[in-house]
Amino acid sequence: MTTEAPTQPAEHAAEHLRSGRGEHADDAAWAVERLRLAESQLGRRRQAACGPSDTDRAAMRFVLEETDLGRLVTPSDLGDHLGIVSSSVTGLLERLRDGGLIETRPHPSDRRSKIVLPVDRNDDPESIDPLSSVIRSLAAELGEDQAAAVARFLDRVAAAVDQECR
């Protein structure tokens, strides 16, 4: 017999973790924790389904978006953007090439380098991660001031997450 997990934390757990900064702040912090848990679970489900990894999807999104802007993408650019070392970039490029998603060509002005190009430029960056279009639809429901406040808050959360364990 399975039961659904509650969408709100148990009251005793919520009381234990109250920050003393006001219930609205605690509600926002709990919402971020639920988001982090949902993303972690999604990552595990995607891994189990043998789909592209989070890094593969982020790499393809970067290649597609940069190409759309007319910018050349090198393996170094990809590594810098993703925060991974060159040996990991090599493996990433091999997976994407083997999957028929990218090709590499000599760099037009630097013979020591190469550029990364999407194989099918008709691919929509949203198709790399369909959840992005759902999130954009949800965001479209926000008013301008609400969207600005949420964006500022999430940017600060992302910065805090990015600084963790550095």
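Determine which member of the set L42, L37 is in a helix (DSSP H, G or I) and at pLDDT below 85.
On the way: L37 fails: at pLDDT below 85.
Exactly one residue qualifies, and that residue is L42.
Name the residue, out of V157, V161, V150, that is under 20 Å from L42 (Cα atoms), modelled with pLDDT of 90 or more and not hydroxyl-bearing (S, T, Y). Can you show your working first?
Values: V161 fails: modelled with pLDDT of 90 or more; V150 fails: under 20 Å from L42 (Cα atoms).
On inspection, the qualifying residue turns out to be V157.
Has region 12-29 got at least one residue that is within 16 Å of V161 (Cβ to Cβ) and either at pLDDT 70 or above or not in a helix (DSSP H, G or I) (or both)? Don't jump to the end; show me each part of the working.
Residues of region 12-29 that are within 16 Å of V161 (Cβ to Cβ), as a first pass: 28-29.
Next cut, either at pLDDT 70 or above or not in a helix (DSSP H, G or I) (or both) only: 28-29.
Checking region 12-29: at least one residue is within 16 Å of V161 (Cβ to Cβ) and either at pLDDT 70 or above or not in a helix (DSSP H, G or I) (or both).
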Single residue of region 85-120 satisfying the filter (among the basic types (K, R) and either under 13 Å from V63 (Cα atoms) or surrounded by 15 or more Cβ atoms within 10 Å (Cβ to Cβ) (or both)) that is modelled with the highest pLDDT: K114
Contact list, first residue from region 95-109 and closer than 11 Å to V73 by Cα, second anywhere and small (G, A, S), beta-carbon distance below 6 Å, six or more apart or interchain, is H107/S113
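The values are calculated or read from the model by the stated rules, or taken from the named source; none is laboratory data. Computed from a prediction, not measured in an experiment: that's the story for all the values here. Neighbour counts run over all protein chains shown; Cβ positions are idealised from the backbone, glycine included.
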